[in-house]
Amino acid sequence: MVSKSLYSPQLLNAKLALVTGAGKGIGRACAQALVAAGASVIAVARTDDDLRSLREELGEQLIPWVMDATSEQFLSQLADQTFIDILVNNIGSNQPEPFVDIEEATYERIVAMNFGSVFKTSQVVVRNMLARGEKGSIVNITSQMGHVGSPNRTLYCATKHAVEGLTKAMAVELGKSGIRVNSVAPTFVETPLTKPMLEDPQFSDFVLSKIPMGELATVEDVANAVVYLGSDLSRIVTGTSLLVDGGWTAH
C-alpha cells in the first residue's frame, strides 16, 4: 500500500490517468500513488477481483475497466475516453529461456504485449490529446533490461529496448504539442511475475550482485517515479528513462 502522506492531493488534482496492468504489482502501486496525488485513475486489468478490491480501497477516484489491454475491445473503449491526461503503459510479460529455444508463439505473445500494446495504446491516447489540443504525459514502464543485455532474456530485452526507442522518438515528435513521453526502468521488483524466479537462491544472488545498493526495488519506488513523471514537477522532462535500478546499469 502506497502511503498517502508522501503526496499532496493537489499535485494531480483534476487529472485523469489510465494505468494498464493495474490489478497487481507495479500497476496496482501506480494506481494507488496517482490517486493519493489527487488524480482519478482508470485501472485496467483482466481480473475482476483485483479491481474490485482496489476500488474498495481507493473509492470513487478509481474507475475499474475489467478487460485485456491488448484487445480490440479495449482500444475501442479507449478511443471514446477523450480526456486522459496521464497514460501509464505497464503491462508486460517475460518467459526466460535460451535464444535458440524461443518458439514463434512465444515471440508473438511477448512482442504483442510488451511492445505492441504500448504502441497501440499510446497511439489512441495521443490522437485524442492532439484533437483536444491539451498537454499530457505518457509513462512507459520498461526495465533495466531495456538498457543492457542478459542471458535467457533476449526477447524481453529486445522488446524493452524497443519501447525505450519508441519513447525517445515519440518525445521528439510530440514535444511541440506539449505531450511528454518518458519511461521508468526498474531493476528487479518482487511481484507475482518475478517472485518464483527470485525464490531461486542462485538467481537471487546473481541479481543482488549486480545492484550496487544491494537490494531490490519496491513497487512503491517505481510508483514514486511515475507520479513525478506524470506531474508538473517534471514539466520540462521528456524523452528520458528514469532508471530505478539501484545502480545496475551504472556498471
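The values are calculated or read from the model by the stated rules, or taken from the named source; none is laboratory data. Remember, it's a predicted structure, so these values are computed and weren't measured experimentally. Cβ sites come from the backbone with ideal geometry, for glycine too, and all protein chains shown count toward neighbours.
Side notes on the structure shown:
- For residue 165, the conditions (1) at pLDDT 95 or above; (2) surrounded by fewer than 14 Cβ atoms within 10 Å (Cβ to Cβ); (3) more than 19 Å from the chain's Cα centre (by Cα) all hold with the exception of (3).
- Residues being in a strand (DSSP E or B) and hydrophobic (A, V, I, L, M, F, W, C) - total across the stretch 122-138: 1
- Verdict on residue 41 being closer than 23 Å to residue 184 by Cα, in contact with a strand residue (DSSP E or B) (Cβ under 6 Å, 6 or more places away or on another chain) and either polar (S, T, N, Q) or buried (at least 17 other Cβ atoms within 10 Å of the Cβ) (or both): yes
- Restricting the stretch 65-121 to residues that are assigned to a loop (DSSP other than H, G, I, E, B) and free of Cβ contacts under 8 Å to residues at least 24 places away in the same chain, the residue that is farthest from residue 53 (Cα to Cα): 103
- Selection of first residues in the stretch 168-195 that are within 21 Å of residue 232 (Cβ to Cβ) and of second residues that are of a type in the set (S, T, N, Q) and assigned to a helix (DSSP H, G or I), restricted to Cβ pairs under 7 Å at least 6 apart or on distinct chains, gives the following pairs, ordered by first then second residue: 170/122; 181/167; 182/167; 183/167.
- Of all the residues in the stretch 177-201, those that are over 20 Å from the mean Cα position of the chain (by Cα) and either among the aromatic types (Phe, Trp, Tyr) or modelled with pLDDT of 95 or more (or both) number 2.
- Those residues of the stretch 83-96 which are loosely packed, with under 15 Cβ neighbours inside 10 Å and modelled with pLDDT of 95 or more, in sequence order: 83
- So residue 70, is it touching a helix residue (DSSP H, G or I) at 6+ places or on another chain (Cβ under 9 Å), polar (S, T, N, Q) and at pLDDT 95 or above: yes
- Top-ranked residue of the stretch 202-236 - restricted to ones that are among the acidic types (Asp, Glu) and at pLDDT below 95, ranked as farthest from the chain's Cα centre (by Cα): 205
- Among (1) among the hydrophobic types (A, V, I, L, M, F, W, C); (2) surrounded by 13 or more Cβ atoms within 10 Å (Cβ to Cβ); (3) free of Cβ contacts under 8 Å to residues at least 60 places away in the same chain; (4) not in a loop (DSSP other than H, G, I, E, B) - the single one residue 211 does not satisfy: (4)
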